[in-house]
Structures are given as C-alpha cells and as structure tokens.
Amino acid sequence: MSEIESKPVFLTPNKVQSQYPLFVFLPGMDGTGRLLRSQTEGLEVAFDVRCLSIPLDDLTSWADLSQQVVDLIELEIAKNPQRKVYLCGESFGGCLAIKVALHSPQLFDRIILVNPASSFHRRSWYGWASQLIHIVPRWVYPFGALGLLPFIASLDRIAPTERQDLLHVMRSVPPETVLWRLSLVQEFDVSDAQLRQLTQPILVVASRRDRLLPSVAEARHLARVFDNVQTVFLPYSGHACLIEEDINLYEIMQRKDFLDDSTKAVPYVVDH
C-alpha cells in the first residue's frame, strides 16, 4: 500500500480491477485502513477494493471529512460510471459511512455497517473517560494501548501477526487525534428519520463479544429503523472482528444473499 498523505486518500490493497464493482472500506478509530489486509483476498475475487486512509493528525469535522470521502468516491466512479458501489464502514468508519451515505445516497447500491460506533451514546461513561487523555502523560500513552487490546479484540481469535499490527496501529495514532475522533463519535447525532432516508439494501454485522461498544443492541435498533436491512450476529467475535482468522466478510455477504448479480456469481475458494 502507498504511504498516508497529508489528506485522506484511498489505498488500493493489491490491484486495480475497474471492471468489478467498487468496494469502499472506511476504517475504525485508527483511520489507517491497514487492518483490512486479512479481508482483501476474499473481497478481491469480486470487488475493486479501496480503503480510506486518514492522516494521523487529521482534525476535520464530520462535514468536511464526509465531503472529502465523497470526492474520492466520485473520482473512482468516474473511471467506470456503470459499476455498482458498496460502502462499508467499521466502528468509527460506520459513523462516517452513515454520514457519507446521507450526503450522497445516489452513489451507493449497498451499505455494510460493522460494529458501528453510532452506539457510542449507549455507554455514557465514555464521555468522561475520554477526558483522561488530557491528563495522561504522552509517554504513557503507547503502554495504555496494550491494556486496551482485550477490549478492542478477541485476542484468542487473532493471529499473532495481526495482533502485532493492531497494537502497532493503535500506538501510531497521537492522543490528540484519538481525543478528536472520540469527540466526533460522541457528537454523532443522526435521527431515525434521517436513517430511514437510506433505502439501499443494508447489512449490519455485530459482534456478540464486543467489550468496547454495545454493538448487538445497536444492530437490533438499526434493524427496526431501516426498511431494507439484514443483520448478522457473530457469536464469538470481539469489536475488531474483521481481523479475526475465522471471519470472512465476503462469505458473510454470500450467506446473506447480499450480493448483486455482478458479484454473487463469483465463488470464493479458500486455499488450505
């Protein structure tokens, strides 16, 4: 992947496949897009994959960030205006996906939300807990990331290399950026009436062992709000489910018959 630049960019994980539907992934709080690596092999059998990468010092608003993402997507669509566009957001990226979809709903054919942080308000203590970042010395912060790992991921379901990548990515994000993105999630306010404007097929994936956010409760809420929605509950997964060895997002979409005709005919074969 290319290096992160001074403004949000799309990373192309392995190869450009402009003849395939476009799959846009919006990452979690780290914003790097680097943790999608374990999913790209499966997705690339049927999609042209792009991962959003947000600069580590980015402190832009929801409105500005959403506009920048829409601009990037429109540039990709211009290369092949006829193809379908799938929008996928995980955690923080789930909130961003909702904002982007509401900004330009006509761009997207399918929407996938994975443990979206739109559930943040259901954990009231996060507000004051996040303020502790102000008083924690900067040199302590990388060590704190290690203590957060069990809350962010089910470590026994993640390969050692992926575990190290997760820790590295967590430690790479400056405290000021973490605090800013927490404030964005805290102020995320999209009404049910606004959500109902999204009429595309929507897939909500929730981890039952999410110790960071009440993702199951949020998935059930969204299932009541959206008209054209399916839910998937992962019984043993943690918050960062997409880096777990047994989770394959493309297979999940296949099982739920969530793929359109241009993608669902492509079988995914696992090499053993």
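Quick note: the coordinates plus some simple rules give every number you see, no bench work behind them. This is a predicted model, so every value here is computed, not measured. When we count neighbours, we look across all protein chains shown, and the Cβ atoms used for this are built from the backbone with ideal geometry, even at glycine.
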Inset, instruction - May I have the pair-distance distribution P(r) for the range 9-264, computed from all Cα-Cα distances with 10 Å bins from 0 and rounded to whole percent? - result: 7, 33, 39, 18, 3, 0
Legend entry - Per-residue Cβ neighbour rank within 10 angstrom, fewest leading, Y20, Y86: Y20, Y86
Legend entry - Loop trypsin sites (Lys or Arg not before Pro), the range 1-89 (other Cβ atoms within 10 Å of the site Cβ: 13 or fewer; DSSP): K15
Inset, instruction - Under a cut-off of 22 Å between alpha-carbon atoms, report the lysines in cross-link reach of K256, not counting same-chain residues fewer than 8 places apart. - result: K84, K264
Legend entry - Exposure proxy order (Cβ contacts within 10 Å, fewest to most) of C51, C241: C51, C241
Legend entry - Packing-based ranking, highest mean first, of 191-198, 232-239 given that Cβ atoms within 10 Å are counted: 232-239, 191-198
Legend entry - 3J(HN,Hα) from dihedral phi, the range 191-201, Karplus parametrisation 6.51/-1.76/1.60, rounded to Hz, x for glycine, proline: 6, 4, 5, 5, 4, 5, 6, 8, 9, 5, x
Legend entry - Full-extension gain in nm, S6 to D156, via 0.36 nm per residue minus C-alpha separation: 50.5 nm
Inset, instruction - Return the FRET efficiency for the residue pair D227, R171: r is the Cβ-Cβ distance, R0 is 51 Å, and the value is rounded to the nearest 0.05. - result: 0.75
